[in-house]
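S.K.: Sharing a structure below in structure tokens format, with a few things to ask.
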Amino acid sequence: MVSIDTYNACVDFPIFDAKSRSLKKAFLGAAGGTIGRNADNTVVVEALRDINLHLKEGDRIGLVGHNGAGKSTLLRLLSGIYEPTRGSAVVSGRVAPVFDLGVGMDPEISGWENIIIRGLFLGESKRSMQKKMDEIAEFSELGDYLSMPLRTYSSGMRVRLALGVVTSIEPEILLLDEGIGAVDAAFMAKARVRLQSLVAKSGILVFASHSNEFLAQLCDSALWVDHGEIRECGPVDEIVGNYEGPEARDQVRGTLKNLGRLR
């Protein structure tokens, strides 16, 4: 059964070589987690604190909050990249993380070969990825570059290849961050259509975005993350409105109305 359950999950980053006084001066008032000390009296940045999240199949939840609030850290916790320092995180189902797109790719081998190894990293079989080669090549529009080593690619070309691979699979849990890299607007518009199809096939979606329109298109509910804590959770229009104000709420409601989903 596909599910996500976190219980008082915390993620701390220890700062072993920092002077506590200078560290506090540098960090207090800045975006991100708060400063504290762990049981060993080591200074830590508390990136996530007491995260309680319970999702089941069919849930579509967006993450809102300022840059540095902890949205990306939460996605990494749910993907298994970060283990909780305290508390627990139990994720049941095959996870497709659409962020950190360079993970599982080798700069010294060709684009074709990277399609295979990125697919293996995401839990696909070699045979399955071989069947998807032509589709991924057509989507990425990389042409003859697919025969070249990945180190010859621009950052935008790498994003195109990685997006082609990750959107070709059918995940049970999709963890998506819209700020995935530098690609041109036309390709991102094309990628959005493909991402919407991917969302429709996934069991659970957790989506971090600053685009209220895209949040409304993909999500039913939203989670407001603020300085590493869950500040509020509820319907996507209400949470976006509480976070950004009435104008943003009305924008989301307009999109939901156009989609026939306004309550």
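S.K.: Sort 250-259, 158-167 for me by packing, meaning the mean count of neighbouring Cβ atoms within 10 Å per residue, highest on top.
M.R.: Taking the mean over residues of other Cβ atoms within 10 Å, the ranking is 158-167, 250-259.
S.K.: Compute the normalised compactness of region 101-170: alpha-carbon radius of gyration over 2.2 N^0.38 Å, N being the residue count.
M.R.: So the Cα radius of gyration is 0.94 times the expected 2.2 N^0.38 Å.
S.K.: What is the Cα radius of gyration of region 123-218 over 2.2 N^0.38 Å, N being its residue count?
M.R.: 1.10
S.K.: Taking R0 as 25 Å, what FRET efficiency do you get between S221 and A185 from their Cβ-Cβ distance, rounded to the nearest 0.05?
M.R.: After rounding to 0.05, the efficiency reads 0.30.
S.K.: Grab the beta carbon distance between E141 and D50, set R0 = 30 Å, and tell me the FRET efficiency rounded to 0.05.
M.R.: Given R0 = 30 Å and the Cβ-Cβ separation, E is 0.10.
S.K.: Would you mind checking the radius of gyration and Dmax of region 61-208 based on alpha-carbon positions, in Å?
M.R.: Here Rg and the maximum Cα pair distance are 15.2, 48 Å.
S.K.: Another one. Per the helix-only calculation at 222 nm, which mean residue ellipticity applies to the chain, given -39500 (n - 2.57) for every DSSP H run of n ≥ 4 and division by its residues, nearest 500 deg cm²/dmol?
M.R.: -11000 deg cm²/dmol
S.K.: P(r) for region 120-161, please, calculated from all Cα pair distances in 5 Å bins and given in %.
M.R.: Histogram of Cα-Cα distances, whole percents per bin: 5, 21, 27, 25, 19, 3.
S.K.: Continuing with this model, one more query. For region 204-263, what value does the Rg/Rh ratio take when both radii are computed over Cα atoms and Rh is the Kirkwood radius, given to two decimals?
M.R.: Looking at region 204-263, the ratio lands at 0.94.
S.K.: Same structure again: Pop out the ³J(HN,Hα) list for region 121-131 in order, Karplus 6.51 cos²θ - 1.76 cosθ + 1.60 with θ = phi - 60°, rounded to Hz; leave Gly and Pro as x.
M.R.: Values per residue, Gly and Pro as x: 4, 8, x, 7, 8, 4, 4, 4, 5, 4, 5 Hz.
S.K.: Just want the ordering: I169, I109, from fewest to most Cβ atoms lying within 10 Å of their own Cβ.
M.R.: By the 10 Å Cβ count, ascending: I109, I169.
S.K.: Which residues among region 59-101 fall inside the zone where the amide N is under 18 Å from a point 7 Å beyond the Cα of S155, along Cα→Cβ?
M.R.: 67-68, 72, 99-101
FYI, it's all coordinate maths here, none of it is from the lab. Predicted, not measured: the structure shown is a model, and the values here were computed from it. Ideal geometry is used to build each Cβ from the backbone, glycine not excepted, and the neighbour counts take in all protein chains shown.
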